[in-house]
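Visitor: My questions will all concern the structure given below.
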Amino acid sequence: MAVSRDQIDFKAETLRVDFQIAEDGDTESGKNSAIQRRHIKARDEGEPGRTVPLPPNVAFELRRHIKNHGLWGPERLLFPNVTRTGYLYASYFYPRIWMEALGKGQVKYCKAHSLRHYYGWRLLYAEVPENDVADWMGHSSTDVLREHYHYIFEGAEQRGRAAIATMLTPGADDPTEASEVA
């Protein structure tokens, strides 16, 4: 909900992730919490955040969204509230946008945060290197990644044996004969 035009680099095909919308700001009355755009996980303002690859199909949809809806406010946000007068509240997003989208897609209920896990799972399943996935997800190390996605790594030894066996089988996957390599 905090994506601004300045975070998107269409030419480099990247998206910088360094802000989020949070409902934890101070209010004048001290009651409840105010919505604010702040650095991710309340990190230092000087921290650059992270840069993730922007696939062409997502870039296309972002361009189309900007063309059809424009940008809002001094931050040039892509997704303001429905009246285009402020930030998008989670209390509006979940029932009116998220749940409606799930219904239209005939998807059983899942939290929006599940998309983050789906992203990590798909990258790991596609054999993107763990250190890249950890960086793109904002994890401090691959240990954190392995803790969250341990099920993907289960059976790695057997897959390793199969990969090595395939490498050593003449004519398999590699035009070079195994006997010539040895």
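Visitor: For the chain, find the longest principal axis of its Cα atoms and tell me its angle to the long axis of helix 56-69, 0 to 90°, nearest 10.
Guide: Around 10 degrees separate the two axes.
Visitor: Follow-up. Hey, what do the phi angles of the stretch 116-130 turn into as Karplus ³J(HN,Hα) couplings, whole Hz, using 6.51/-1.76/1.60 and θ = phi - 60°, x for Gly and Pro?
Guide: 5, 5, 4, 4, x, 4, 5, 5, 5, 5, 7, 6, 5, x, 3
Visitor: Accessible surface of THR14 in the full protein assembly, 1.4 angstrom probe, to the nearest 10 Å²?
Guide: 40 Å²
Visitor: Could you give the length gained by full extension between TYR94 and GLU127, i.e. 0.36 nm per residue of separation minus their alpha carbon distance, to one decimal place? Don't jump to the answer; show the numbers that get you there.
Guide: Values: separation 33, 0.36 × 33 = 11.88 nm, distance 3.22 nm.
Extending this stretch completely gives an extra 8.7 nm.
Visitor: Here's another thing I want to ask about it. From the helices alone, meaning DSSP H stretches of at least four residues, give me the mean residue ellipticity at 222 nm for the chain, per-run term -39500 (n - 2.57), in deg cm²/dmol to the nearest 500. Please list the in-between numbers first.
Guide: On the way: 8 runs with 67 residues, N = 182.
Value at 222 nm, helices only: -10000 deg cm²/dmol.
Visitor: Could you compute how much accessible surface HIS69 exposes when probed at 1.4 Å, giving the result in Å² to the nearest 10?
Guide: About 100 Å², ignoring ligands and nucleic acids.
Visitor: Using a 1.4 angstrom probe with every protein chain in place, what is the largest-first accessible-area order of TRP98, TRP136? Provide the component values of the computation, followed by the final result.
Guide: Numbers: TRP98 30, TRP136 60 Å².
I get TRP136, TRP98, largest accessible area first.
Visitor: Tell me the carbon and sulfur percent of the accessible area for the stretch 21-162, rounded to whole percent, probe radius 1.4 Å.
Guide: Values: 5320 of 9980 Å².
Roughly 53 percent of what the probe reaches on the stretch 21-162 is carbon or sulfur.
Visitor: Once phi is turned into ³J(HN,Hα) by the Karplus curve 6.51 cos²θ - 1.76 cosθ + 1.60 with θ = phi - 60°, what whole-Hz value does each residue of the stretch 131-143 show in order, with x for glycine and proline?
Guide: 5, 5, 4, 4, 4, 5, 8, x, 7, 6, 7, 6, 4
Visitor: Please work out how much accessible surface GLU47 shows to a 1.4 Å probe, ignoring ligands, DNA and RNA, in Å² rounded to 10.
Guide: Here the residue's solvent-accessible area equals roughly 70 Å².
Visitor: Quick one: accessible area per residue over the stretch 67-123, 1.4 Å probe, rounded to a whole number of Å²? Kindly include the intermediate steps, with their values, before the conclusion.
Guide: Details: 4160 Å² over 57 residues.
Here the residues of the stretch 67-123 average 73 Å² of exposed surface.
Visitor: Round to the nearest 0.05 the FRET efficiency obtained for ASP143 and GLU28 when R0 = 45 Å and r is the Cβ-Cβ distance.
Guide: Details: r = 43 Å, r/R0 = 0.95.
Efficiency, rounded to the nearest 0.05: 0.55.
The values are calculated or read from the model by the stated rules, or taken from the named source; none is laboratory data. Nothing here was measured: the structure is a model prediction, and the numbers come from that model. In this analysis, Cβ positions are derived from the backbone assuming ideal geometry, glycine residues included, and neighbour counts consider all displayed protein chains. The area values use the complete protein model at the heavy-atom level, side chains included, leaving out ligands, DNA and RNA. Shrake-Rupley method; radii C 1.70, N 1.55, O 1.52, S 1.80 Å.
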